[in-house]
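Undergrad: The structure is given below, and queries will be raised subsequently.
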């Protein structure tokens with residue numbers, strides 16, 4: 001009977017292969033753990049951190065104003081003249097009440113990244129600060145709604161346009177696709193509480209579709225969506241589909257009432 005002889009070279013090669021396989025396995029496990037931690041950080045920790053921070057900012061604003069805002073009346077208030085069509089009516093501006101040349105809804109132009117209003121969406125149970133600008137690091141990643149600079153302020157004639165994350169960092173606008181015509185969106189400031197009513201939704205458009213935040217909001221990519229007459233509008237924008245930033249989802253509403261504080 002012949003006994004196979006295994007040389008030292010063969011043993012070394014087998015040992016080397018085992019070490020390589022073991023090292024590759026360890027590397028894959030390590031990479032998997034790191035990726036899992038990154039996912040947990042993005043999907044859980046950033047949400048937790050941003051939501052807590054946004055809630056603190058809302059409380060701070062309410063303390064600064066003296067008390068939380070109260071809802072406006074169910075129908076057009078004494079400060080609102082009812083209207084129809086695409087213009088959304090012509091609510092009377094606080095400026096006309098005060099004889100001022102400005103709307104009076106905000107005492108001064110907010111500083112970049114300054115939180116100065118609170119957005120409340122009853123259907124979604126959403127209550128978040130509104131800050132000036134749409135910078136990721138200093139506004140959106142804090143879980144705030146960001147006001148597009150160059151668009152109007154709450155209650156002013158034109159378009160009060162906001163952006164917010166749909167996923168991660170508090171994801172305040174994650175479920176705005178659930179809003180339906182007739183749902184209310186409330187904006188509270190130090191001067192007044194403005195109630196808008198959801199009117200239309202644009203399910204998907206290009207990220208470069210600047211028409212949706214124009215003074216008379218109308219998509220330049222899908223012109224069938226939007227308005228044709230001046231009015232008092234609110235626009236909510238976020239990314240779509242979820243977990244991507246390829247397109248934009250847009251929700252529009254019209255101002256129904258204004259209640260001074």
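The values are calculated or read from the model by the stated rules, or taken from the named source; none is laboratory data. Since this is a predicted model, take the numbers as computed values, not measurements. So basically every Cβ, Gly included, is an ideal-geometry build from the backbone, and we count neighbours across all protein chains shown.
Undergrad: If you scan the range 233-260, which residues turn out to be outside any strand (DSSP E or B) and either touching a strand residue (DSSP E or B) at 6+ places or on another chain (Cβ under 6 Å) or without any contact (Cβ under 8 Å) to a residue 60 or more places away in the chain (or both)?
TA: Here is the first cut: in the range 233-260, the residues outside any strand (DSSP E or B) are 241-246.
Within the range 233-260, 241, 244, 245, 246 qualify.
Undergrad: Hey, can you tell me all the residues within the range 110-126 that are surrounded by fewer than 19 Cβ atoms within 10 Å (Cβ to Cβ) and either in a helix (DSSP H, G or I) or in contact with a helix residue (DSSP H, G or I) (Cβ under 8 Å, 6 or more places away or on another chain) (or both)?
TA: Those that are surrounded by fewer than 19 Cβ atoms within 10 Å (Cβ to Cβ) and either in a helix (DSSP H, G or I) or in contact with a helix residue (DSSP H, G or I) (Cβ under 8 Å, 6 or more places away or on another chain) (or both): 122, 123, 124.
Undergrad: Tell me, yes or no, whether the range 46-68 has at least one residue that is within 21 Å of residue 118 (Cβ to Cβ), in contact with a helix residue (DSSP H, G or I) (Cβ under 8 Å, 6 or more places away or on another chain) and modelled with pLDDT under 55.
TA: Checked the range 46-68: at least one residue is within 21 Å of residue 118 (Cβ to Cβ), in contact with a helix residue (DSSP H, G or I) (Cβ under 8 Å, 6 or more places away or on another chain) and modelled with pLDDT under 55.
Undergrad: Given the residues 159, 167, which is the only one that is within 12 Å of the chain's Cα centre (by Cα) and either in a strand (DSSP E or B) or farther than 16 Å from residue 233 by Cβ (or both)?
TA: Details: 159 fails: within 12 Å of the chain's Cα centre (by Cα).
Selected residue: 167, the only one of 159, 167 that is within 12 Å of the chain's Cα centre (by Cα) and either in a strand (DSSP E or B) or farther than 16 Å from residue 233 by Cβ (or both).
Undergrad: Right, residue 174: surrounded by fewer than 20 Cβ atoms within 10 Å (Cβ to Cβ), assigned to a strand (DSSP E or B) and at pLDDT 95 or above or not? Working first, answer last.
TA: Working: surrounded by fewer than 20 Cβ atoms within 10 Å (Cβ to Cβ): yes; assigned to a strand (DSSP E or B): no; at pLDDT 95 or above: yes.
Here the answer is no, as residue 174 does not meet what is asked.
Undergrad: So, residue 225, is that one farther than 23 Å from residue 138 by Cβ, free of Cβ contacts under 8 Å to residues at least 60 places away in the same chain and over 19 Å from the mean Cα position of the chain (by Cα) or not?
TA: Against the criterion (farther than 23 Å from residue 138 by Cβ, free of Cβ contacts under 8 Å to residues at least 60 places away in the same chain and over 19 Å from the mean Cα position of the chain (by Cα)), residue 225 qualifies.
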